[in-house]
Amino acid sequence: MKVGIIGLPQTGKSTLFSLLTGAAPPAPGGRPEPRVGIARVPDPRVERLAEMYRPKKKTPATVEYVDMPGVAKGEGAALVDLPALRGVDALVHVVRAFESEVVPHPEGSIDALRDARMLELELILADLGTVERRLERLEANIKKANKADDVAERLVMLKMKEALESEKPLRDVELSEEDRRRVRGYALLSEKPLVLVVNMGEAQVREAGAALERSGLVGFAGEGRSRAVCAVSAPIEAEMAQRSPEDAAAFREDLGLAEPGLDRVIRTSYELLGLISFLTAGEDECRAWTIRRGTRAQAAAGEIHSDIERGFIRAEVVAFDDLVKAGSLAACREAATLRLEGKDYVVRDGDVINFRFNV
């Protein structure tokens, strides 16, 4: 999964990126440039399997994050020309909710809903420019050759143009899978699923649910498709990162937080994109693999290696909880919780799988 992190200046966006990926903060005074980093997806199931198998290595699933320069009002169109943003599966918009006399808000006041709507509009306007330019080329091509593909794409573009002119993001536009394939190469920004990550102060994050409701962002996320919202406090996450796991857990408990905010950001992104993890376990490696919900066994095998997908025979499958309860695959066989599944088996979250294949 590849996720682009966007936001207005002074939101804590780059701090969040550094906390997620472990990347060093950008050099002060330097020219803002996109930064790419990898975050490990916290998964206690991988840790538990590693305790059982004592492998040479353990590998969690990962998310690639791209930290984009801050976008001021009227600058959204510049995002279209940044190659680093092409190919991202989703966008994380870091919205500021914390007050600070030291770090002034570029708009002069804190209003998370205003900022969320403002940047959404920037994405819409950026896409409108892209669609209008493409329509001009299509019109010219159709006058010359009138190819069926160009005519079909023109109809899709006109439908999207109408939506964008009415300030409707493309993720809310009804398009067939074929039509979406036609326009996939244009990396349209308002079409991508959007996670609103609200960066709060300590007092707010103690009552994050109520604070989100008061901000209006829960309602905003519910207005359209493929939008989600979660709360985090970058200063608190930074402080916890400096503590031992035990001290960090105690600190979170004192704040009334059920889980680390960074875990919540990753989990929300997973849920929004319909992603799950299946697991492989053995003496060499215990590992989590990311797939889309609904993926069949043979395609899941291809995530490990194309040879396994091509030579797929059967999948030995056991649910993670059943494996932990039994203590071994041999015990699962005796308890009949280990199953042999064919290529059309739909993989479930937490399945521990051993693929049989022959090439």
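The values are calculated or read from the model by the stated rules, or taken from the named source; none is laboratory data. Quantities reported herein were computed from a predicted structural model and do not represent experimental measurements. Cβ sites come from the backbone with ideal geometry, for glycine too, and all protein chains shown count toward neighbours. Accessible surface areas use protein heavy atoms only, side chains included; no ligands, DNA or RNA. Shrake-Rupley method; radii C 1.70, N 1.55, O 1.52, S 1.80 Å.
Considering only beta bridges that DSSP places wholly inside the chain, some 50 percent are antiparallel. By the Cα gyration tensor, segment 120-186 has an equivalent ellipsoid whose semi-axes, rounded to whole angstrom, run 21, 14, 9 from largest to smallest.
For the chain, the solvent-accessible area works out to 50 Å² per residue, with a probe of 1.4 Å and every protein chain left in place. Couplings 3J(HN,Hα) of segment 174-191, computed from phi: 6, 9, 6, 4, 5, 5, 5, 5, 4, 10, 4, x, 8, 6, 5, 6, 6, 7 Hz, in residue order, whole Hz [Karplus 6.51 cos²θ - 1.76 cosθ + 1.60, θ = phi - 60°; x for Gly and Pro].
Amide H to amide H, with H built 1.01 Å from N, LEU196 comes under 5 Å of HIS93, ALA228, VAL229, CYS230, counting only residues 5 or more places away or on other chains.
Among ILE124, ILE142, ILE236, which one shows the biggest mean-square fluctuation in a GNM of the chain, springs joining Cα atoms closer than 10 Å? Answer for the Gaussian network model of the chain: ILE142.
Solvent-accessible surface (1.4 Å probe) assigned to ARG45 amounts to roughly 50 Å². Among the protein heavy atoms, those of ASP254 account for about 100 Å² of accessible surface (1.4 Å probe, every chain in place).
Taking θ as phi - 60° and the Karplus parameters 6.51, -1.76 and 1.60, the scalar couplings of segment 42-47 work out to x, 8, x, 5, 5, 4 Hz in sequence order, x denoting glycine and proline. Exposed loop sites here are GluC sites (Glu not before Pro) assigned a DSSP state other than H, G, I, E or B and surrounded by at most 11 other beta carbons within 10 Å; excluding them, the longest clear run of the chain is 1-100. Farthest toward the positive end of the dipole of segment 47-103, out of ALA78, ALA61, ALA50, is the Cα of ALA50, where the dipole comes from beta carbon charges about the Cα centre. The phi-based Karplus calculation (6.51 cos²θ - 1.76 cosθ + 1.60; θ = phi - 60°) puts the 3J(HN,Hα) values of segment 98-108 at 8, 8, 7, 6, 6, 10, x, 6, x, 8, x Hz, whole numbers, x for Gly and Pro. With distances taken between every two different alpha-carbon atoms, the chain has a Kirkwood hydrodynamic radius of 22.7 Å. Ligands, DNA and RNA left out, the 1.4 Å accessible surface of the chain is 48% carbon and sulfur atoms. Relative contact order of the chain: 18 percent, from C-alpha pairs under 8 Å at least 6 residues apart in sequence. Which part of segment 224-238 falls in the paramagnetic zone of GLU202, meaning amide N under 17 Å from the point 7 Å along Cα-to-beta-carbon? Answer for segment 224-238: 232-238.
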